[in-house]
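A.B. asks: Next up is a structure, given as structure tokens.
The values are calculated or read from the model by the stated rules, or taken from the named source; none is laboratory data. Everything quoted here is computed from the prediction, not taken from an experiment. Cβ placement follows ideal geometry from the backbone for every residue including glycine, while neighbour counts extend to all protein chains displayed.
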């Protein structure tokens, strides 16, 4: 490995300051459904967000991306799957991670617990605490493309989200029906 030298200015472009990040309230096709309302912050890389305007705080996302999720009690993400591993780490509050074709399997997580979902498994999460919570999601990248691919949504979620007028186009970005 070649060792490189970087300046302070170069390193500052690799710092994500939470107070300077702007979240998206519509980063995914499910976010118009009330139970899946949440704020998405792209920290490192775009990850798999479907909101093309949501720029990451740190753009260099080789082999993984990090997203913060903020949600009120009872809110979270609908059943979805990825081609890569996805890790959830509650930072504030208690969260439930659920999975399966119908989301009938569930594990409760406390702050700093970690759960890692394998590729191809429908999974979701929700804030089960009593106040606003924050969760970190880390998603791996496909080696050949260095991105996380796109989200596969459970069919019932796509049907419900399409009824709100929101869909995902061929490029994997949100658009109005």
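A.B. asks: Counting just the residues of the range 101-122 that are surrounded by fewer than 14 Cβ atoms within 10 Å (Cβ to Cβ) and under 10 Å from residue 79 (Cβ atoms), which one comes out modelled with the highest pLDDT?
C.D. replies: Applying the filter and picking the extreme gives 102.
A.B. asks: Let me ask another. So, of the residues in the range 13-35 that are surrounded by 10 or more Cβ atoms within 10 Å (Cβ to Cβ) and more than 15 Å from residue 67 (Cβ to Cβ), which turns out to be farthest from the chain's Cα centre (by Cα)?
C.D. replies: 13
A.B. asks: What number of residues within the range 51-74 are farther than 26 Å from residue 11 by Cβ and either surrounded by fewer than 21 Cβ atoms within 10 Å (Cβ to Cβ) or at pLDDT below 95 (or both)?
C.D. replies: The total comes to 7.
A.B. asks: Next question, about the same structure. Go through (1) part of a loop (DSSP other than H, G, I, E, B); (2) at pLDDT 95 or above; (3) touching a strand residue (DSSP E or B) at 6+ places or on another chain (Cβ under 6 Å); (4) closer than 25 Å to residue 157 by Cβ and name the single condition residue 14 misses.
C.D. replies: Status for residue 14: all satisfied but (4).
A.B. asks: Of 73, 111, 90, which residue is part of a loop (DSSP other than H, G, I, E, B), more than 25 Å from residue 161 (Cα to Cα) and more than 12 Å from the chain's Cα centre (by Cα)?
C.D. replies: 111
A.B. asks: Could you list, in sequence order, the residues of the range 123-150 that are more than 25 Å from residue 18 (Cα to Cα) and buried (at least 20 other Cβ atoms within 10 Å of the Cβ)?
C.D. replies: The answer is 123, and nothing else.
A.B. asks: Which of the residues spanning the range 123-156 are more than 16 Å from the chain's Cα centre (by Cα) and closer than 23 Å to residue 105 by Cα?
C.D. replies: Of everything in the range 123-156, those that are more than 16 Å from the chain's Cα centre (by Cα) and closer than 23 Å to residue 105 by Cα turn out to be 128, 129, 130, 155, 156.
A.B. asks: Give the range 49-67 a look and list any residue that's in contact (Cβ under 8 Å) with a residue 60 or more places away in the chain and either over 11 Å from the mean Cα position of the chain (by Cα) or assigned to a loop (DSSP other than H, G, I, E, B) (or both), or say none.
C.D. replies: 50, 51, 52, 61, 62, 63, 64
A.B. asks: On the basis of being closer than 23 Å to residue 132 by Cα, at pLDDT 95 or above and out of contact with any strand residue (DSSP E or B) (no Cβ under 9 Å at 6 or more places or on another chain), does residue 20 make the cut?
C.D. replies: Considered against the rule, which asks whether it is closer than 23 Å to residue 132 by Cα, at pLDDT 95 or above and out of contact with any strand residue (DSSP E or B) (no Cβ under 9 Å at 6 or more places or on another chain), residue 20 comes out as yes.
A.B. asks: Follow-up. Would you confirm, using the coordinates I've provided, whether residue 46 is within 19 Å of residue 148 (Cα to Cα), more than 13 Å from the chain's Cα centre (by Cα) and at pLDDT below 95?
C.D. replies: No.
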